[in-house]
Structure formats: structure tokens, C-alpha cells
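**Student:** One structure, as C-alpha cells, below. Some questions next.
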Amino acid sequence: MEINLKELIAGGQPIHMVDSFELSADVRRTYEHDVHAFSPVAVDLHARYAAGVTEVTGELKVQLSHSCSRCLKPIAETLTIPFRELFTAQPEAIREDEDEMYHLITTDKIDLRPYLEEIVVVEIPLAPLCDPDCKGICPVCGVNRNEEDCNCNTESIDPRLAGLADFFKK
């Protein structure tokens, strides 16, 4: 997925692109134990050029299939990710007073795929939950505490600090 800067500048009008791409094998390999399946990433973007800066804005959508980090229940989740990336070949176009991050480019074409892939990777949940109130699996008996209750004592006290347990009861 590329933007030809010569065409963008010559046309004088913003361009709109709708496309999709598969995440790279490296990303899939990195998340192979956490994410069971990725859909192709759907891309809807607008690119405009002004004052030496190419601004690319849009939205990414990707479906993930993974497991709850507490109870291991399968989860299907759709991530909708808005984004904004700025590119320039002219370092002087970067204004010091802005908090924006600019990507310096050296060619007439911008390959957007690595930037878009990075945006998706940052948004993949580290500890996905089936429900914010998920109780998880009992570490003693292994029962899913969302489905049934158990009477296991799950309070573990470090033996080095066991003497302090009674200290605050006085």
C-alpha cells in the first residue's frame, strides 16, 4: 500500500484509499501463542499534502480471535483504530512547538504498510478479558469461577511474612 507523492502533489486534492492487507509473518509469529487468528486489516484512509507535509489519516479494522487472560474463554474481538501519521522530506517543515511525530522520507513513494502494521501491533490487548468482571479460574481446583463457585482457600501468605498476619488483628 503506497502513496505516490508526485501524484498527490500534482493533483492538489486529497486522495482516499480503501484497501486491506495481511499482517506480516513476523507479527503473526510474535503473537502466535496469544492470538489464534487475525483477519486481514481493513484500511480506510485519506492523504493530503500541504506545506511540505503529507498527512495520512484514517481508520484500521482488524478482527482478533484470542482467549481471556483469566478464564481462557475464546474471545472474538474487532479493533477499530483511528490513526494520523505525518510524513515530510523537508526537516525544516517540522515545527518545533508541536508535539507531533514526523516521519522523514527520502523517496517519492510512502510505503504505508510498516506504519499501519505498527499501529495495529500497539493496539493488540496484552491481557484480553471476556468481561471486565471476569473471576477467572480457581488456582487450587481449576474450576471456572464465572460458571460455578468453589470453596477453596486461595489466600497465600509468604511464609517469611506470616508472623505479620496477626500483627494488625490486635
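**Student:** Can you tell me which residue is nearest to VAL122 (Cα to Cα) among those in the range 3-58 that are hydrophobic (A, V, I, L, M, F, W, C) and outside any strand (DSSP E or B)?
**Tutor:** My answer is VAL27.
**Student:** Going residue by residue through the range 29-48, is there one that turns out to be closer than 30 Å to VAL143 by Cα, touching a residue at least 24 places away in the same chain (Cβ under 8 Å) and among the acidic types (Asp, Glu)?
**Tutor:** There is at least one residue in the range 29-48 that is closer than 30 Å to VAL143 by Cα, touching a residue at least 24 places away in the same chain (Cβ under 8 Å) and among the acidic types (Asp, Glu).
**Student:** While we're looking at this one, here's another question. Can you confirm whether ARG160 is of a type in the set (Lys, Arg), within 30 Å of ILE9 (Cα to Cα) and either at pLDDT below 90 or out of contact with any Asp or Glu (no Cβ under 8 Å at 6 or more places or on another chain) (or both)? Quick ask: steps written out before the conclusion?
**Tutor:** Values: of a type in the set (Lys, Arg): yes; within 30 Å of ILE9 (Cα to Cα): no; either at pLDDT below 90 or out of contact with any Asp or Glu (no Cβ under 8 Å at 6 or more places or on another chain) (or both): yes.
In short, no.
**Student:** Do you know which residues across the range 56-82 are over 18 Å from TYR31 (Cα atoms), among the aliphatic types (A, V, I, L, M) and surrounded by fewer than 16 Cβ atoms within 10 Å (Cβ to Cβ)?
**Tutor:** Across the range 56-82, the qualifying residue is only ILE81.
**Student:** State all residues of the range 59-69 that are small (Gly, Ala, Ser) and in a strand (DSSP E or B); if no residue qualifies, say none.
**Tutor:** SER65, SER67
**Student:** Give the range 132-154 a look and list any residue that's aliphatic (A, V, I, L, M) and surrounded by 13 or more Cβ atoms within 10 Å (Cβ to Cβ), or say none.
**Tutor:** First pass over the range 132-154, keeping only residues aliphatic (A, V, I, L, M): 137, 140, 143.
Within the range 132-154, ILE137, VAL143 qualify.
The values are calculated or read from the model by the stated rules, or taken from the named source; none is laboratory data. What you see is a predicted model; the values in this text were computed from it and never measured. Backbone-built Cβ (ideal geometry, glycine too); neighbour counts: all protein chains shown.
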